[in-house]
Amino acid sequence: MLAVTGFLVDRSPEAASAVAAEDRGESATESVRLDDISARITLDPVAVGPATLTIEMADQAGEPAEGFEAPRMSLASDEVELGELSLSSLGPGIYAGDVVLPTTGEWEVQVSLRTTEFDNPVRTVTFRVPDGS
């Protein structure tokens, strides 16, 4: 359903990083570690207007993984806080939510996943939405 373009870049699990998309309609993907689960977060398209945020989670063997409960993602920029997205399950370890990005600039996606009854790692990735000019 959703095509993931781009490639993953090894990053420190704590690092926030920016991805630049030069053309409207291009998607961007960032990776984070949530304890023993790796997660790929994709913003498609990286442009002002309607977009979809998708999280794909895998265990250390590369198999689809789930947390103790569904992941949570929220979205904010310096000027606008869109809050928590409503995510739908698309299959084992894959969740997606629709969002409307009102402005260009850097958008921070905060990802949290309850991995056990007591552990809930939170990581942040940053996507840069170009002005389209």
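The values are calculated or read from the model by the stated rules, or taken from the named source; none is laboratory data. Everything numeric here is computed off the predicted structure, so don't read it as measured data. Note that we place each Cβ from the backbone using ideal geometry, even for glycine, and neighbour counts take in every protein chain shown.
Restricting attention to the range 67-99 and to residues that are free of Cβ contacts under 8 Å to residues at least 24 places away in the same chain and within 15 Å of the chain's Cα centre (by Cα), the residue that is surrounded by the most Cβ atoms within 10 Å (Cβ to Cβ) turns out to be L82. Residues that are outside any strand (DSSP E or B) and among the aliphatic types (A, V, I, L, M) were ranked within the range 63-94; the one that is farthest from R128 (Cα to Cα) is A65. Only a single item in (1) in a loop (DSSP other than H, G, I, E, B); (2) over 23 Å from E26 (Cα atoms); (3) in contact with a Leu (Cβ under 8 Å, 6 or more places away or on another chain) is not met by Q60, and it is number (3). Taking each residue of the range 113-133 that is at pLDDT 90 or above and looking for partners that are among the aromatic types (F, W, Y) and crowded, with 16+ Cβ neighbours inside 10 Å with beta-carbon atoms closer than 8 Å, six or more apart or interchain, yields T126/W107; F127/W107; R128/W107; V129/W107.
Quick check, is T42 of a type in the set (V, I, T), closer than 21 Å to E26 by Cα, in contact with an Asp or Glu (Cβ under 7 Å, 6 or more places away or on another chain) and in contact (Cβ under 8 Å) with a residue 12 or more places away in the chain?
On the way: of a type in the set (V, I, T): yes; closer than 21 Å to E26 by Cα: yes; in contact with an Asp or Glu (Cβ under 7 Å, 6 or more places away or on another chain): no; in contact (Cβ under 8 Å) with a residue 12 or more places away in the chain: yes.
Here the answer is no, as T42 does not meet what is asked.
When the residues of the range 21-37 are filtered to those that are of a type in the set (A, V, I, L, M) and either under 26 Å from G62 (Cα atoms) or at pLDDT 95 or above (or both), which remaining residue is farthest from the chain's Cα centre (by Cα)?
Here is the first cut: in the range 21-37, the residues of a type in the set (A, V, I, L, M) are 21, 28, 32, 34, 37.
Checking which are either under 26 Å from G62 (Cα atoms) or at pLDDT 95 or above (or both) leaves us with 28, 32, 34, 37.
Working: A28: 9, V32: 9, L34: 12, I37: 14 Å.
If we take residues in the range 21-37 being of a type in the set (A, V, I, L, M) and either under 26 Å from G62 (Cα atoms) or at pLDDT 95 or above (or both), then I37 is farthest from the chain's Cα centre (by Cα).
Could we say that G97 is in a loop (DSSP other than H, G, I, E, B) and closer than 18 Å to T29 by Cα here?
Working: in a loop (DSSP other than H, G, I, E, B): no; closer than 18 Å to T29 by Cα: yes.
Considered against the rule, which asks whether it is in a loop (DSSP other than H, G, I, E, B) and closer than 18 Å to T29 by Cα, G97 comes out as no.
Within the range 100-127, which residues are assigned to a strand (DSSP E or B) and either among the polar types (S, T, N, Q) or surrounded by fewer than 19 Cβ atoms within 10 Å (Cβ to Cβ) (or both)?
Going residue by residue through the range 100-127, those that are assigned to a strand (DSSP E or B) are 100-101, 105-112, 122-127.
Those that are assigned to a strand (DSSP E or B) and either among the polar types (S, T, N, Q) or surrounded by fewer than 19 Cβ atoms within 10 Å (Cβ to Cβ) (or both): V100, G105, E106, E108, Q110, S112, V122, T124, T126.
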